[in-house]
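Okay, so here's the structure we're looking at.
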Amino acid sequence: MIAKLFSRRQATTRATAMPEGLRAYAIGDVHGRIDLLDPLLDRIEADDRARGGEPAAIILLGDLIDRGPASAGVIDRLIALKAARPDTRLLLGNHEEVFLKAMDGDRQTLRLFTRIGGIETILSYGIDRAAYDAADYDELLAMMRERVPPAHIDFLNGFEDIIELGDYVFVHAGIRPEQPLSAQRPSDLRWIREEFLRFKGPHEKMVVHGHSIATEVEQLPNRIGLDTGAYSTGKLSAMGFEGSERWLIQTGD
């Protein structure tokens, strides 16, 4: 009985594949590091061309903003990427969720936003640091609404919660273990951490995620973690997927 219980909770490496004829690249948490995103996109484009066939889908795993210095520039860059490559898909991270809620006027969320790296996002929209320091929350919200383009808010509001491709599922943070993908809550997809990371059993599909920083890309029997802490480590990571193959592409240290 003990052996049976153990076997149910211990994932084994299994064959995973993308749908036939589809190539995709997933990019981990950018966090305002456009200096890393631009060369990574260049490397992905070069790799995609070298492999031939139709242009690949590009998936951003969320947390484009906060902590790094160029959140506004990252959003501009990805708006342009989406226009040039309509098959680009973007997941809503917990940092985007907080930003959008703060921009809706939730004062408590605005306070949280400034504590989790939102200051860098605010400054990236051209708000002066002295003006930021002198403002109360109502004044800060007014400045943000004046400086953040409506096109940026519309763009972020169009992000997805979950993407399923073949034997893979792409989410920002993870999934609640032993719950079907169809029953996952958006809050878990964007915020879950330890319960997902500690779980060793199999999931419905191989989970590709960001959100939880590791020093190197994690490839485990039940999940692949692509957040290598770009804003602090200077290393932004992506992974390519085609058929049963997958390969790593990185920029930075």
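Worth pointing out:
- nm² value of the averaged projected area, convex hull over the Cα atoms of region 38-195: 10.8 nm²
- Computed P(r) (all Cα pairs; region 141-238; 5 Å bins; percent): 2, 12, 20, 20, 16, 13, 9, 5, 3, 0
- When shorter helices are ignored and each DSSP H run of at least 4 residues is given -39500 (n - 2.57), the per-residue value for the chain at 222 nm works out to -11500 deg cm²/dmol.
- For K200, the aspartates and glutamates whose Cα comes closer than 14 Å to its Cα, not counting residues fewer than 8 places off in the same chain, are E178, E218.
- Percent RCO, i.e. relative contact order, over the chain, from Cα pairs under 8 Å lying at least 6 residues apart: 27 percent
- The HN-Hα couplings worked out from phi for region 116-123 by the Karplus form 6.51 cos²θ - 1.76 cosθ + 1.60 (θ = phi - 60°) are 10, x, x, 4, 4, 5, 4, 5 Hz, whole numbers, x standing for Gly and Pro.
- Per-selection Rg to Rh, region 53-116 - Cα, Kirkwood hydrodynamic radius: 1.07
- Extents of region 76-149, taken as max minus min of Cα coordinates on every principal axis and listed largest first, are 42, 22, 18 Å.
- Relative to the longest principal axis of the Cα atoms of the chain, helix 137-147 runs at roughly 80 degrees.
- In the context of the full set of protein chains, the chain has a per residue accessible area of 47 Å² (1.4 Å probe).
The values are calculated or read from the model by the stated rules, or taken from the named source; none is laboratory data. Quick caveat: nothing in here was measured; it's all calculated off a predicted structure. Side chains are part of the model used for accessible areas, which takes the heavy atoms of the whole protein and leaves out ligands, DNA and RNA. Shrake-Rupley method; radii C 1.70, N 1.55, O 1.52, S 1.80 Å.
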